[in-house]
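A quick write-up on the structure given underneath.
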There are 2 protein chains.
Amino acid sequence: MKRINLKELANLLNLSTSSVSKALRDSHEISEETKKKVREFAVKHNYSPNPYATSLRKKKSKTIAVILPEVADNYFSLAINGIQKVAEARGYHLLIYLSHEKYSIEKAVLEECSNGRVDGVLISISSETTDHSHLQKLVNENIPLVFFDRAPEDFNASKVITNDYDCGYFTAMHLIEDGCTNPVFLSMSSALPICHRRAEGFKAAVLATGIASDPNKLVHYCDGTEEESMKKIQELFESKNRPDGVVASVERLAIQTYMVAQESEINIPKEVKVIAFSTLETAPILNPPLSTITQPAYDTGTKAAELLFQRIEKPLQYTQPECVVLPSIFMERKSCIPKSHFS
Amino acid sequence: MKRINLKELANLLNLSTSSVSKALRDSHEISEETKKKVREFAVKHNYSPNPYATSLRKKKSKTIAVILPEVADNYFSLAINGIQKVAEARGYHLLIYLSHEKYSIEKAVLEECSNGRVDGVLISISSETTDHSHLQKLVNENIPLVFFDRAPEDFNASKVITNDYDCGYFTAMHLIEDGCTNPVFLSMSSALPICHRRAEGFKAAVLATGIASDPNKLVHYCDGTEEESMKKIQELFESKNRPDGVVASVERLAIQTYMVAQESEINIPKEVKVIAFSTLETAPILNPPLSTITQPAYDTGTKAAELLFQRIEKPLQYTQPECVVLPSIFMERKSCIPKSHFS
DNA sequence: ACAAATAACGAAATCGATTTCTTAAATTAT
DNA sequence: ATAATTTAAGAAATCGATTTCGTTATTTGT
């Protein structure tokens, strides 16, 4: 069975391609009678227009690109769900690209996005990204671009983020109120704005309470491979002044902290209290249940997609970049209960 | 800054579009000197061909569709990673569609795939899918199709699956050896072949040992919403002959089993032992650590993608459907240790 | 009743590339 | 020195739709 195209359809109907095309798009130039005939015939022959021919002519692809650092993180899975929902409702297609946290890949992918393949781009930048020229290039070519979650600090484009600084501040305060005197923050990258903002909030809180022995040792960077990162946490836990509170800036670091604690038989929360920025579904059934700053992943996805589609479909109406801040929520669980509550 | 196209490039170079096109594709019809000039000029002006014009002409989109039931499940995230790696290496683009476990959506998406938008399709079918006409339609239109993980039983196409029956058998045997006398299997759908095969293996093992009081109560179906499913597990745990062993056929059911047990203060593994088909990263740090049948998600993704690309790029060479079975591996953890091992 | 307007359709241009078919000049062969 | 071949390039067709611009009939207006 071969697919039928417009020309063949027109021949079989003894009409011109233009008339058939117009009939299918319900043009007033075609009589109701003819339209009906054409529509029925098209359905019968299972006709559907070639999307690339249409894209070429209309200069619209009805496709957007979603560029993520990775897809294994629960946060991004949930965000994709949100994006997909909005895209599907509007009849858009989703191209997914993974940067694997590499600037070079991110750059190459963005090049691919500026040749008309997509009508817009949703992106969460890689942890390596500090230079923004590749992003600026896209903006210069007038392709709508919206950041979600991970957005550059100093780039003038729409974004949907969460209240990172405040949450960072909150986590430190909470740990300190629970009795921690030596809390640390595990960051995955000094370059990554979200980690940076969370860390800044954290530091501000610790410094405000005046309990910090060495302000330069409040934030630890676990970049590198998974193994390197595990090792770093291990060393931290074996060091002389072992922290009694840990804030994990991303899901992966929370898991690794638990793994190390389990291996080294360090009790959470008795010896170390833990709070993680994470959307882990299994947080309540971990050992012990993990306190989380839960980011609104799904809503961030839908909101970012909505911003993007506004800019794609009404570019003249929405010219100014918009920054939406969706608050994260704290879910207190046993990994950070105060000492007085131990049973 | 406007994007430049072939025609403009040709005008600026005082050449014809055909010559420029040939030059860029390194045709022998063009002199080395001209080629060099064209290439340099193209780079300088940041030229890259419009993909849809190329697709239209070449009748190749360099794009494949990946159709998944959902993306929140860790298994699918890992599979996407594998698929993406292979696709990227070959210069293919990835369109992602979610069926949300609905047959109607799956069908609509497949319609979209048969109009030339994609060169091939990778699919894991929805739990509702029993009819295969929508799949057959695609095959009839000569679009390569490869199943991964969730494949229909009786459909003649390539697929990459795992040894579900054997693993189902194994889980039952293991629970029984650990002292369970009333193990049950939680299936998410009677229609879903992977669940069915896993359940069949499970049943066969239980029946072989002759411990089953009622062979019809070995498999419980947790379809429906998350709430309904939770309720069903809850009822099961509150029932007169509460199971002392549970096999969760998918990740979600494992999480729900843990949630219910935690709420009802039922001790795992003392009162109920649990084994789950799952690729949960957090399995080792759950309370208690969860024994899993871990499917080779990433490898399934890469293998399925490779099969698909073979069929896309060498359709004459690969005509017969191929079925690849990648074994899952059992990771024993505390959720199913025998009674004698309790400390 | 005759000009103006409308209805219904077709021819041809267009989107941006690729590819086949020509053509003119340069080179080789005899 | 003339025919045959090769080289390097351009003209035009093509992919499959959409859209602009014409072109007939037919209807409406006065």
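The values are calculated or read from the model by the stated rules, or taken from the named source; none is laboratory data. Quick caveat: nothing in here was measured; it's all calculated off a predicted structure. Virtual Cβ from ideal backbone geometry, glycine too; neighbours counted across all protein chains shown.
With a requirement of 2 or more residues that are within 21 Å of B:Ile80 (Cα to Cα) and of a type in the set (A, V, I, L, M, F, W, C), the strands (runs of 3 or more DSSP E) lying completely within segment B:131-201 that satisfy it span B:145-148, B:158-162.
Taking only segment A:86-105 into account, find how many residues are within 17 Å of the chain's Cα centre (by Cα) and closer than 23 Å to B:Ser61 by Cβ. Let's see the steps before the verdict.
Of the residues in segment A:86-105, the ones within 17 Å of the chain's Cα centre (by Cα) are A:86-87, A:94-103, A:105.
Restricting the remaining residues to those that are closer than 23 Å to B:Ser61 by Cβ gives A:87, A:94-99, A:105.
Going through segment A:86-105 one residue at a time, the tally reaches 8.
Remark: pairs (first residue in segment A:2-30, within 14 Å of chain B (Cβ to nearest Cβ); second residue among the acidic types (Asp, Glu) and more than 8 Å from DNA strand C (Cβ to nearest atom); Cβ separation under 8 Å; 6+ apart in sequence or on different chains) = A:Lys2/B:Glu141; A:Arg3/B:Glu141. I'd like the full set of residues that are closer than 12 Å to B:Ile285 by Cβ and of a type in the set (A, V, I, L, M, F, W, C), limited to segment A:244-275. Those that are closer than 12 Å to B:Ile285 by Cβ and of a type in the set (A, V, I, L, M, F, W, C): A:Ala254, A:Ile255, A:Met259, A:Val260, A:Ala261, A:Ile268, A:Val274.
For residues that are among the charged types (D, E, K, R) and outside any helix (DSSP H, G or I), scanning just segment A:1-33, find the one that is farthest from DNA strand C (Cβ to nearest atom). Among those residues, the one meeting the criterion is A:Lys2. Kindly indicate whether any position in segment A:291-299 is loosely packed, with under 15 Cβ neighbours inside 10 Å and in contact (Cβ under 8 Å) with a residue 40 or more places away in the chain. No, segment A:291-299 has no match at all.
Please count how many residues of segment A:89-111 are at the interface with chain B (Cβ under 8 Å from one of its Cβ atoms) and either buried (at least 17 other Cβ atoms within 10 Å of the Cβ) or modelled with pLDDT of 95 or more (or both). Residues in segment A:89-111 being at the interface with chain B (Cβ under 8 Å from one of its Cβ atoms) and either buried (at least 17 other Cβ atoms within 10 Å of the Cβ) or modelled with pLDDT of 95 or more (or both): 6 in total.
Residue pairs whose Cβ atoms lie under 6 Å apart, separated by 6 or more positions or on different chains, with the first residue in segment A:263-280 and assigned by TED's automatic domain parsing to the domain that holds A:Ser335 and the second of a type in the set (Gly, Ala, Ser) and outside any helix (DSSP H, G or I), are A:Lys273/A:Gly245; A:Ile275/A:Ser291; A:Ala276/A:Ala248; A:Phe277/A:Ser249. It is to be established whether one or more residues within segment B:267-283 are over 17 Å from B:Ser189 (Cβ atoms) and assigned to a helix (DSSP H, G or I). Yes, because at least one residue in segment B:267-283 is over 17 Å from B:Ser189 (Cβ atoms) and assigned to a helix (DSSP H, G or I). Remark: A:Val71 matches the filter, which requires a residue to be crowded, with 19+ Cβ neighbours inside 10 Å, within 8 Å of another protein chain (Cβ to nearest Cβ) and aliphatic (A, V, I, L, M). For A:Lys60, the stated conditions hold: it is surrounded by fewer than 18 Cβ atoms within 10 Å (Cβ to Cβ), modelled with pLDDT of 95 or more and outside any helix (DSSP H, G or I).
Residues in segment B:74-86 that are over 17 Å from B:Ala151 (Cα atoms) and at the interface with another protein chain (Cβ under 8 Å from one of its Cβ atoms): B:Asn74, B:Ser77, B:Leu78, B:Asn81, B:Gln84. A:Arg117 fulfils the conditions (1) of a type in the set (Lys, Arg); (2) outside any loop (DSSP other than H, G, I, E, B); (3) within 14 Å of another protein chain (Cβ to nearest Cβ) except for a single criterion, (2).
Do we have any residue at all in segment A:308-320 that's touching a Leu at 6+ places or on another chain (Cβ under 7 Å) and not in a loop (DSSP other than H, G, I, E, B)?
Within segment A:308-320, the subset touching a Leu at 6+ places or on another chain (Cβ under 7 Å) is A:308.
Subset that is not in a loop (DSSP other than H, G, I, E, B): A:308.
Yes, that holds for at least one residue.
The residues in segment B:9-27 that are within 9 Å of DNA strand D (Cβ to nearest atom) and either in contact with a helix residue (DSSP H, G or I) (Cβ under 9 Å, 6 or more places away or on another chain) or within 30 Å of B:Ser77 (Cα to Cα) (or both) can be counted, and the count is 12. Can you pull out the residues in segment B:160-198 that are buried (at least 24 other Cβ atoms within 10 Å of the Cβ), charged (D, E, K, R) and touching a strand residue (DSSP E or B) at 6+ places or on another chain (Cβ under 8 Å)? Scanning segment B:160-198 gives a single hit, B:Arg198. Criterion applied to A:Glu106, A:Glu32 was being more than 11 Å from DNA strand D (Cβ to nearest atom), closer than 30 Å to B:Ala72 by Cβ and charged (D, E, K, R), and the one residue passing it is A:Glu106. Consider segment A:56-81 and keep the residues that are of a type in the set (Gly, Ala, Ser) and out of contact with any Pro (no Cβ under 9 Å at 6 or more places or on another chain). The one that is farthest from DNA strand D (Cβ to nearest atom) is A:Ala72. When restricted to residues that are touching a Leu at 6+ places or on another chain (Cβ under 8 Å), surrounded by fewer than 19 Cβ atoms within 10 Å (Cβ to Cβ) and assigned to a loop (DSSP other than H, G, I, E, B), segment B:34-57 contains 3. The condition (being more than 14 Å from every other protein chain (Cβ to nearest Cβ), surrounded by fewer than 18 Cβ atoms within 10 Å (Cβ to Cβ), more than 24 Å from B:Pro51 (Cβ to Cβ) and modelled with pLDDT under 95) is satisfied by just one residue among A:Glu128, A:Glu153: A:Glu153.
Taking every residue in segment A:48-67 that is under 17 Å from A:Glu313 (Cα atoms) and among the hydroxyl-bearing types (Ser, Thr, Tyr) and pairing it with any residue that is within 11 Å of DNA strand C (Cβ to nearest atom) and not in a strand (DSSP E or B), at least 6 positions away or on another chain, the pairs with Cβ-Cβ distances below 7 Å are A:Ser55/B:Tyr52; A:Ser61/A:Ser55; A:Ser61/A:Gly116; A:Ser61/B:Tyr52.
Does any residue of segment A:292-306 turn out to be assigned to a strand (DSSP E or B) and polar (S, T, N, Q)?
Initial filter on segment A:292-306 (assigned to a strand (DSSP E or B)): A:292-294.
After this cut, where a residue has to be polar (S, T, N, Q) as well, the list is A:292, A:294.
The answer is yes, given that some residue of segment A:292-306 is assigned to a strand (DSSP E or B) and polar (S, T, N, Q).
Note on segment A:314-328: among residues that are in contact (Cβ under 8 Å) with a residue 12 or more places away in the chain and farther than 16 Å from A:Ile194 by Cα, the one that is surrounded by the fewest Cβ atoms within 10 Å (Cβ to Cβ) is A:Pro315.
Table: residues versus (1) within 16 Å of DNA strand C (Cβ to nearest atom); (2) farther than 17 Å from B:Leu192 by Cα; (3) part of a helix (DSSP H, G or I).
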position: B:Val66; (1), (2), (3): no, yes, no
position: B:Glu70; (1), (2), (3): no, no, no
position: B:Tyr75; (1), (2), (3): no, no, yes
position: B:Leu78; (1), (2), (3): no, yes, yes
position: B:Asn81; (1), (2), (3): no, yes, yes
position: B:Glu88; (1), (2), (3): no, yes, yes
position: B:Ser104; (1), (2), (3): no, no, yes
position: B:Val109; (1), (2), (3): no, yes, yes
position: B:Glu112; (1), (2), (3): no, yes, yes
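Taken over segment B:202-236, residues that are assigned to a helix (DSSP H, G or I) and not β-branched (Val, Ile, Thr) amount to 19.
Residues being at the interface with chain A (Cβ under 8 Å from one of its Cβ atoms) and more than 22 Å from A:Asp119 (Cα to Cα) are entirely absent from segment B:36-45.
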